[in-house]
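Chemist: Take this structure first; my questions come after.
The values are calculated or read from the model by the stated rules, or taken from the named source; none is laboratory data. Worth saying up front: this structure is predicted, and the values here are computed from it rather than measured. Every residue, glycine as well, gets a Cβ built from its backbone with ideal geometry; the counts of neighbours run over all protein chains shown.
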Amino acid sequence: MTPRDADPQAAPFPDTRAPSVRLDKWLWAVRVFKTRSLAAAACRQGRVTISGQPAKPAREVRINDLIVVLKDNLTRTFKVLQLLDHRVGAPKAREFVQDQTPASEFEKARAPAFRPIGYRPKGAGRPTKKERRILDRWAES
């Protein structure tokens, strides 16, 4: 085979790297996040790690990677079963990811949050007239 017979579009060396997909794209495709921009923001905020290392949105995801995502006060753990670069339906997405989140994490979300009586979260503003009446009744008793 002479150089003329070779495909001009072909790379001079075969690509031996393992296939991969961007992290933010994969998280969006398997429906961990509703939008790709939310997935990228979570990565930039340090809420996504791969093998214990904080991951940027452009980090390449490979098969069998363990991804830990802190979302909605839950620490979710996912194992990459297959690569996916476009969004698919929820039943189909289960073929590409294995959720390894322990049951104790989900129970933690169901546990009632302890709030003292009369507690107002910071930034909630002034109490309304109705809330003031409730506070007054509570203070009188």
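This table checks each residue for (1) outside any loop (DSSP other than H, G, I, E, B); (2) without any contact (Cβ under 8 Å) to a residue 12 or more places away in the chain.
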{"residue": "Phe33", "(1), (2)": "no, no"}
{"residue": "Leu38", "(1), (2)": "yes, yes"}
{"residue": "Ala42", "(1), (2)": "yes, no"}
{"residue": "Gly46", "(1), (2)": "no, yes"}
{"residue": "Lys56", "(1), (2)": "no, no"}
{"residue": "Asn64", "(1), (2)": "no, no"}
{"residue": "Val69", "(1), (2)": "yes, no"}
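Chemist: Ok, one more. Answer with yes or no whether Ala124 is exposed (fewer than 10 other Cβ atoms within 10 Å of the Cβ) and touching a residue at least 40 places away in the same chain (Cβ under 8 Å).
Modeler: Judged against the criteria, Ala124 is not a match.
Chemist: Evaluate the stretch 84-93: report whether one residue or more is modelled with pLDDT under 90, under 22 Å from Pro19 (Cα atoms), surrounded by 11 or more Cβ atoms within 10 Å (Cβ to Cβ) and of a type outside the set (A, V, I, L, M).
Modeler: Taking every residue of the stretch 84-93 in turn, at least one turns out to be modelled with pLDDT under 90, under 22 Å from Pro19 (Cα atoms), surrounded by 11 or more Cβ atoms within 10 Å (Cβ to Cβ) and of a type outside the set (A, V, I, L, M).
Chemist: Further, regarding this structure: Any idea which of Ala42, Ala10, Ala6 is at pLDDT below 90 and either touching a helix residue (DSSP H, G or I) at 6+ places or on another chain (Cβ under 7 Å) or surrounded by 10 or more Cβ atoms within 10 Å (Cβ to Cβ) (or both)?
Modeler: Values: Ala42 fails: at pLDDT below 90; Ala10 fails: either touching a helix residue (DSSP H, G or I) at 6+ places or on another chain (Cβ under 7 Å) or surrounded by 10 or more Cβ atoms within 10 Å (Cβ to Cβ) (or both).
So the residue among Ala42, Ala10, Ala6 that is at pLDDT below 90 and either touching a helix residue (DSSP H, G or I) at 6+ places or on another chain (Cβ under 7 Å) or surrounded by 10 or more Cβ atoms within 10 Å (Cβ to Cβ) (or both) is Ala6.
Chemist: Would you tally the residues in the stretch 50-67 being buried (at least 16 other Cβ atoms within 10 Å of the Cβ) and either out of contact with any Leu (no Cβ under 8 Å at 6 or more places or on another chain) or among the hydrophobic types (A, V, I, L, M, F, W, C) (or both)?
Modeler: 5
Chemist: Considering Phe106, Phe114, which residue is over 12 Å from the mean Cα position of the chain (by Cα), of a type in the set (Phe, Trp, Tyr) and in a loop (DSSP other than H, G, I, E, B)?
Modeler: Exactly one of Phe106, Phe114 is over 12 Å from the mean Cα position of the chain (by Cα), of a type in the set (Phe, Trp, Tyr) and in a loop (DSSP other than H, G, I, E, B), namely Phe114.
Chemist: Here is a list: Arg47, Arg36, Arg62. Which entry is touching a Phe, Trp or Tyr at 6+ places or on another chain (Cβ under 8 Å) and within 16 Å of Asp24 (Cβ to Cβ)?
Modeler: Values: Arg47 fails: touching a Phe, Trp or Tyr at 6+ places or on another chain (Cβ under 8 Å); Arg62 fails: touching a Phe, Trp or Tyr at 6+ places or on another chain (Cβ under 8 Å).
Step by step, each of Arg47, Arg36, Arg62 is checked, and only Arg36 is touching a Phe, Trp or Tyr at 6+ places or on another chain (Cβ under 8 Å) and within 16 Å of Asp24 (Cβ to Cβ).
Chemist: Of all residues being surrounded by fewer than 15 Cβ atoms within 10 Å (Cβ to Cβ) and charged (D, E, K, R) in the stretch 72-82, which is farthest from Leu23 (Cα to Cα)? Just the residue, please.
Modeler: Applying the filter and picking the extreme gives Asp72.
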